[in-house]
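The values are calculated or read from the model by the stated rules, or taken from the named source; none is laboratory data. Everything numeric in this text was worked out from a predicted model, so none of it was measured. Cβ sites come from the backbone with ideal geometry, for glycine too, and all protein chains shown count toward neighbours.
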Amino acid sequence: MVDNQHLVQRDNQTEPRIERIHPGDDHQTDRVEKKRQSFIRRHPLWILLGVIVVAALAVAGWFAWQIYFHPYESTDDAFIDARSFSLAMKVSGYVTDVPVTDNQHVQTGEVILRIDPRDYQITLDQANGQVNVAAAALQSASAQIDAASAAIDVAKAQHNSAAAALQYAEQEAARQQQLVKSGSGSVQAVQQATSNLQQSQASLAQAEANITSAQKNKAVAEAQKASAAAGLSQAQAQAEEAQQNLKYTTIVAAQPGRVVRLTGAKGQYIEAGQAISMFVPDEIWITANFKETQLTDMRPGQPVDVTIDAYPDHLLHGKVASVQPGSGTAFSLLPAENATGNYVKVTQRVPVKIVVDTWPADLPIGPGMSVVPTVTVRPRH
């Protein structure tokens, strides 16, 4: 009986405590609300200052994150790129040697493929023979010119002699005529002087004709020399072409790189212009397509960290080489025309060229492989 009374008293004593802390008590809620409103009315400036401080801290935190903790721009729309090209034969023929294989690395000047050179060697020998013939014709024409020049000199000398003889014959004929008139000469002497005069006139005419003929012969020889010179030039050009065709029977590497997708095989007949392989130069880089909104602070020369999807454990370092002056779609075969129809704004991507300081020599890396570049667009503080 005593224990029950004591229990009732304890319950009665603890009941008010439960009522004071009960969250649903309206009286207690009103008291808290009144105290809050009273504090706001008494300290409005402190409340406003606290709000401003919190907002300032939030803005400062955002800028600190952007500048101090996130000074990077990255994209997974990036690939290894190179100026790959196809290797093709300049001339046709049967393949005689293929000293390389697929994916093999070659240095400048190394032989990649050869075709049978015998036909082209014969053509070169024939062309060289034509060069010799043309050179001989040119030499003969030059000799004819020299002979014609000498003939002209002889004809001119004969002309001078005939002119002097004619002058003497004219004087002698006039003197004999004068003697006959004075009665001291004879008719026979006059006739002889007249005959000599006619012979001298004929000799002079012949000398003049000889000069004209020699001059014509020289002109013909000069024309023959010009023709022989043209023939020699043509023969030399044909010989050079034959020499080049003989050289084209061998394909050599113009720069260091790798032979890819080799199709040429020994014994195969290859037409002129037929591709026999692809070639990937050692000079490769990264083309990263960044969103245009990521280019605000991106500049050439900024450092770049690169990971290759195929080799995620290898971290490469490089720098931004250049930013294309225009989006990728602007240089496509059929660029988008936004002047007509409904327009939906889409964030464009701009290709950025990134060069790597040193590519790992022990890893097969080539065009088309996916990479993830991270550009430090702002210096870390």
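Total residues in region 341-358 satisfying the condition of being within 21 Å of Gly301 (Cβ to Cβ) and not in a loop (DSSP other than H, G, I, E, B): the figure is 7.
Considering region 251-295, and only residues there that are out of contact with any Asp or Glu (no Cβ under 9 Å at 6 or more places or on another chain) and of a type in the set (Ser, Thr, Tyr), the residue that is farthest from Ser327 (Cα to Cα) turns out to be Tyr269.
Scanning region 345-354 for residues that are surrounded by 15 or more Cβ atoms within 10 Å (Cβ to Cβ) and hydrophobic (A, V, I, L, M, F, W, C) gives Val350, Val352, Ile354. Among the residues of region 257-273, the one identified as farther than 14 Å from Leu87 by Cβ and either in contact with a Gly (Cβ under 6 Å, 6 or more places away or on another chain) or among the hydroxyl-bearing types (Ser, Thr, Tyr) (or both) is Tyr269. Evaluate region 258-269: report whether one residue or more is over 30 Å from Tyr120 (Cα atoms) and not in a strand (DSSP E or B). No; the residues of region 258-269 include none that is over 30 Å from Tyr120 (Cα atoms) and not in a strand (DSSP E or B). Scan region 243-267 for residues that are touching a strand residue (DSSP E or B) at 6+ places or on another chain (Cβ under 8 Å) and closer than 30 Å to Gln130 by Cβ and jot them down. If the condition is that a residue be touching a strand residue (DSSP E or B) at 6+ places or on another chain (Cβ under 8 Å) and closer than 30 Å to Gln130 by Cβ, then Thr249, Thr250, Ile251, Val252 are the ones that fit.
Of the residues making up region 119-169, those that are at pLDDT 75 or above and of a type in the set (S, T, N, Q) are Gln121, Thr123, Gln126, Asn128, Gln130, Asn132, Gln139, Ser140, Ser142, Gln144, Ser149. Summed over region 257-284, residues that are more than 24 Å from Gly93 (Cα to Cα) and surrounded by fewer than 19 Cβ atoms within 10 Å (Cβ to Cβ) total 3. For region 78-141, no strands (runs of 3 or more DSSP E) sit wholly inside it while including 3 or more residues that are exposed (fewer than 14 other Cβ atoms within 10 Å of the Cβ). Filter region 211-256 down to the residues that are β-branched (Val, Ile, Thr) and assigned to a helix (DSSP H, G or I), then identify the one that is surrounded by the fewest Cβ atoms within 10 Å (Cβ to Cβ). Across region 211-256, the extreme among qualifying residues is Thr212.
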